[in-house]
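First up is the structure itself, then whatever we jot down about it.
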Amino acid sequence: MTNGEGAPAAAFREVAPGVLLVDTLYVRPHLAAAWIVQGARSAAVVETGAASSVPRILAALEARGIPREDVSHVVVTHVHLDHAGGAGTLVRALPRAELVVHPRGARHLVDPAKLVAGSIAVYGEARFRELYGEIVPVPAERVIEAGDGFALDLGERPLRILDAPGHARHHFVVLDEASRGFFTGDTFGLAYPECYVGGRPFMFPTTTPVQLDPPALHASIDRMIAERPRRMYLTHYGLLDGDVGAAAEALHRAIDEHVRRARALPAGAGAARHAALRDALAEQLLAGLAAHGALRGAPGGGHLPRERALELFATDLDLNAQGLLVWLEAAQQG
Ligand SMILES: [Zn+2]
């Protein structure tokens, strides 16, 4: 499913009837998706990427022949900025669109100051500016706070919101009833196209700070599977179809392994502790890729060089270690 990096990216790819995948080109190709869902009456955009991704989304709408006035909703699964950083910029460009967001996330998109400060704490000021630029607030009157069970209809195309805590408390997932597919945000982990082997995804969790809750994350995954979805639309990255249940099992195991490795850390503090956990997660990643048949030079062979694998997951390993440590410290104090 990859274009080959460096090739000019198409405006969109239709992965199921009326479901368009847009590569936001956030950081690199095939890292962060936005989606366009077309109903009989209107369209929705699900996930926005960063502000720099918005021209890509507008170009996809134009290439598909969807007038900007026909977009009724912009939906963000949660307010982490690789999912929602472009919300204000996009809503400004779509005259009728309302923003659909988790009740716990809404105020942060209306007044992004806290979100910006939190993100600078994670990425550092320079990297933050480079990744996200300016965060445009969303006018409060255009925000819909969507709790569990909230439904919207694009015209013979109902979308249903399910609360999905675990990765963050401000996270929901969106079921497209027509295609029986979930827009999973970060709740169904990462499955990068570069790591597929024989059509099978390699599943890896995303345990970003600061609201990680592993038991809640397991429960949210189970809740999605209980709906018997046929496919998943992952923000990171793309269509996951085939054996969705097997992918969920692999993800459950990988989350448990993350938790085990975090709990096994020797006592210590600060940067050394973070580096130790990051290394332990890198070891999990490489062992997992080898077992999956993706890693070049491993028994069983594979196509992905070790250095390339570590590069693809570099930011994830860093953030996953941070998120696990924040969770662990809170759990030990509580
Ligand atoms: Zn996230």
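Bear in mind these aren't lab numbers, they're just calculated from the coordinates by the rules spelled out. Bear in mind the structure is a predicted one, so any value in this text is a computation, not a measurement. For neighbour counting, all protein chains shown are included, and Cβ atoms are generated from backbone atoms with ideal geometry for every residue, glycine included.
Table for the structure above
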| quantity | calculated |
| --- | --- |
| Whole-Hz couplings from phi, Karplus 6.51/-1.76/1.60, listed for the stretch 91-104; x for Gly and Pro | 4, 4, 8, 10, x, 9, 6, 9, 8, 9, 8, 4, x, 6 |
| Under 5 Å, built H, 5+ apart or other chain: amide partners of Gly185 | Thr235 |
| Pairwise centroid distance, computed over Cα atoms, of the stretch 217-241 with the stretch 264-280, Å | 31 |
| Leu25 long-range amide H proximity, modeled H, under 5 Å | His30, Leu31, Ala32 |
| Residues Val326, Val37, Val143, sorted so that the one with the fewest Cβ neighbours within 10 Å comes first | Val326, Val143, Val37 |
| Rounded to 5, the percent of DSSP beta bridges in the chain classed as antiparallel | 65 |
| Residues Asp186, Asp163 arranged by fewest to most Cβ contacts within 10 Å | Asp163, Asp186 |
| Potential extension, Ala11-Glu69 segment - 0.36 nm per residue separation minus Cα distance | 19.0 nm |
| Highest-fluctuation residue, Ala321, Ala106, Ala267 considered, GNM on the chain with Cα pairs under 10 Å | Ala267 |
| The chain, helix-only ellipticity at 222 nm - DSSP H runs n ≥ 4, -39,500 (n - 2.57), divided by all residues, nearest 500 | -12000 deg cm²/dmol |
| Of the DSSP H helices in the chain, those whose Cα atoms cover at least 30 Å axially and whose Kyte score averages 0.5 or more | none |
| Simple spin-label estimate for Ala314 and Asp222 in nanometres, 7 Å along Cα-Cβ | 3.8 |
| Inter-site label distance for Arg180 and Ala121 at 7 Å from Cα along Cβ, in nm | 4.3 |
| Sequence of Asp148, Asp316 once ranked by neighbouring C-beta atoms within 10 Å, starting from the fewest | Asp148, Asp316 |
| Chain lengthening between Gln332 and Glu145 when straightened (0.36 nm per residue, less Cα-Cα) | 64.0 nm |
